[in-house]
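The values are calculated or read from the model by the stated rules, or taken from the named source; none is laboratory data. It should be emphasised that the depicted structure is a prediction, and the values quoted were computed from it without experimental measurement. Methodologically, a virtual Cβ is constructed for each residue, glycine included, from the backbone with ideal geometry; neighbour enumeration extends over all protein chains shown.
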Amino acid sequence: MFSLKTQRQPGNLPALVRSPAAMMIVALVFRLCVIWGLHTYRHILPEDPRVGGEMELVAESIASGNGFSSPYPGADTGPTSEAPPAFPYLLGGIFRVFGINTEASVLTILCLDSLFSALTCNAIFYIGKRTFGPVVASWAGWSWAFMPFAIWWAAFHVWETTLSALLLSLVFLFTLRLEASTRFPAWIGYGLLWGLIALTNTALLAFLPLCLIWLWTRRGHGKKFLRRIVFALLACLATVAPWLVRNYLVFGRLVPIRDGLGLELWLGNHEGATGKLAWWNNPGRNLREMEQYRRMGELAYYTEKRNEAIAWISRHPVRFVGISLKRFVFFWSGTNRAGTVLDRNSMPFFAARLVASSLFSVLAFAGLWVAVREKKHGAWLFTSLLFSVPLVYYVTHADTARYRHPIEPAMTLLSVYGLGCLSSRFVRARWERARTRGEDHGPPLRG
């Protein structure tokens with residue numbers, strides 16, 4: 001469907017343009033220039049701990065020798081499983097080497113975030129090459145190198161956001177490659193990668209069963225394939241098992257990778273819920289809730305909040321559906337809680353971001369629609385990804401644009417493909433009109 005002539009002739013593109021290494025290097029250098037030029041490392045982690053996220057606070061606890069604990073500001077609140085462990089331990093190690101919240105430590109983690117974001121260019125290129133061809137792959141890779149959304153999360157934000165985007169892109173590529181692989185080591189590596197994803201961002205696990213279903217449909221239903229699936233799942237379990245054992249020893253019962261889902265569900269679904277995140281009820285912001293959190297303990301507190309949310313949903317099913325639809329809009333439009341209070345200075349920026357993010361989503365779904373209609377290789381995987389990962393945010397809250405970032409590499413590929421289809425149709429339509437008027441200058445570019 002992407003019918004530009006160069007789609008059949010990738011050699012028409014300069015070798016440098018087709019080089020994923022060049023994309024990665026340029027992307028990394030550009031992000032580092034933004035960090036250094038705007039001195040973002042001086043402003044990311046302010047001294048006031050109330051504005052720091054749980055990732056930073058747990059990392060501070062790790063660096064201070066208190067272990068994985070205290071996700072909220074204030075006094076030590078004890079061990080926690082509120083966040084997946086991978087990024088807090090990474091950040092805690094950096095804090096221990098370079099100091100807690102120093103310019104050197106923040107600069108280090110922003111450089112790592114930028115590296116993760118730059119490496120994503122390579123994953124995008126190779127996914128695109130297998131699904132839409134080398135031209136789309138090249139354009140998508142370079143688009144990501146200068147994508148404002150990607151630069152923002154790499155250069156201005158300390159979180160696991162860019163690492164999640166990289167890991168999800170890699171597992172997407174790995175899934176495509178496993179279609180033709182019969183080697184057990186490859187399947188074990190696949191499981192290990194999923195285990196790392198689980199320890200980084202548990203919401204992304206919603207994509208795992210759909211990947212396995214796709215591989216099942218592509219590889220057949222034999223016993224050998226089932227054995228490979230079992231080996232992959234065992235490798236995934238082996239990766240997360242040490243953390244599950246830690247949680248059992250600390251809390252005295254089996255706890256999943258993170259236990260904060262009950263709180264997130266309650267913050268989005270409670271009396272007076274509007275679809276926005278009730279951030280003022282978070283224990284880190286609300287003294288009454290913090291007192292209850294300390295008195296009950298983490299697991300009991302989160303369990304109570306989960307039960308309250310489920311009870312509210314059962315009493316207000318129609319309202320729950322309504323605010324879930326609002327969260328759907330928030331997710332795909334990039335709206336976040338910064339848009340709830342706007343002054344004259346922030347309004348233009350917010351409006352521009354809202355338009356750009358919404359247009360990005362429209363282009364991605366347009367590209368997905370064409371890919372499905374044209375039965376492009378991997379179209380079902382793209383559909384599964386855009387369907388599965390956002391589900392948890394529709395029922396909890398979607399008030400920060402970083403929730404969408406892990407799937408934005410795939411959205412970039414779909415957007416470039418969709419734009420290519422639209423442009424080729426425009427060229428063909430102009431040629432048809434010119435031929436009708438007797439101004440034939442040769443056939444349109446076709447692939």
Checklist entry - Scanning segment 47-73 for residues that are at pLDDT below 90 and within 17 Å of G297 (Cβ to Cβ), which turns out surrounded by the most Cβ atoms within 10 Å (Cβ to Cβ)? => result Y72
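Return the residues of segment 67-94 that are among the aliphatic types (A, V, I, L, M) and farther than 17 Å from L112 by Cβ; say none if nothing qualifies. Don't jump to the end; show me each part of the working.
Let us first name the residues in segment 67-94 that are among the aliphatic types (A, V, I, L, M), namely 75, 83, 86, 90-91, 94.
Listed by number, the residues that qualify are A75, A83.
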Item to check | Residue count for segment 92-106, restricted to those that are buried (at least 20 other Cβ atoms within 10 Å of the Cβ) and either of a type in the set (A, V, I, L, M, F, W, C) or under 14 Å from V17 (Cα atoms) (or both) | outcome: 3
Checklist outcome for this item: A356 passes all but one of the listed conditions (1) surrounded by fewer than 20 Cβ atoms within 10 Å (Cβ to Cβ); (2) modelled with pLDDT of 70 or more; (3) farther than 30 Å from W280 by Cβ; the exception is number (3)
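Within segment 1-46, restricting attention to residues that are at pLDDT 85 or above and small (G, A, S), which residue is farthest from V370 (Cα to Cα)?
Initial filter on segment 1-46 (at pLDDT 85 or above): 19-40.
From the residues that got through so far, the ones that are small (G, A, S) too are 19, 21-22, 27, 37.
Numbers: S19: 27, A21: 29, A22: 29, A27: 29, G37: 40 Å.
Out of the qualifying residues, it is G37.
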Checklist entry - T383 versus (1) of a type outside the set (A, V, I, L, M); (2) in contact with a helix residue (DSSP H, G or I) (Cβ under 9 Å, 6 or more places away or on another chain); (3) over 24 Å from K276 (Cβ atoms); (4) not in a helix (DSSP H, G or I): which is the lone unmet condition? => result (4)
Item to check | Of all residues in segment 245-276 being in a helix (DSSP H, G or I) and β-branched (V, I, T), the one that is surrounded by the fewest Cβ atoms within 10 Å (Cβ to Cβ) | outcome: V245
Item to check | Hits in segment 297-306 (condition: in a helix (DSSP H, G or I) and either under 28 Å from the mean Cα position of the chain (by Cα) or closer than 15 Å to S81 by Cα (or both)) | outcome: E298, L299, A300, Y301, Y302, T303, K305, R306
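Taking the options L299, L277, name whichever one is of a type in the set (A, V, I, L, M, F, W, C) and in contact with a His (Cβ under 7 Å, 6 or more places away or on another chain). Walk me through it before giving the result.
Working: L299 fails: in contact with a His (Cβ under 7 Å, 6 or more places away or on another chain).
Exactly one of L299, L277 is of a type in the set (A, V, I, L, M, F, W, C) and in contact with a His (Cβ under 7 Å, 6 or more places away or on another chain), namely L277.
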Next on the checklist: Residue under question is E291, and the condition is that it be touching a residue at least 40 places away in the same chain (Cβ under 8 Å), of a type in the set (D, E) and either on the phi < 0 side of the Ramachandran plot or outside any helix (DSSP H, G or I) (or both); does it hold?
Outcome noted: no
Item to check | Candidates W194, W152, filtered to the one that is under 23 Å from I257 (Cα atoms) and without any contact (Cβ under 8 Å) to a residue 60 or more places away in the chain | outcome: W194
Next on the checklist: Would you confirm, using the coordinates I've provided, whether V230 is touching a strand residue (DSSP E or B) at 6+ places or on another chain (Cβ under 6 Å) and either at pLDDT 95 or above or under 28 Å from L196 (Cα atoms) (or both)?
Outcome noted: no
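Consider L170 carefully, then state whether it is assigned to a helix (DSSP H, G or I) and either β-branched (V, I, T) or closer than 21 Å to M23 by Cβ (or both).
Values: assigned to a helix (DSSP H, G or I): yes; either β-branched (V, I, T) or closer than 21 Å to M23 by Cβ (or both): yes.
Yes, satisfied.
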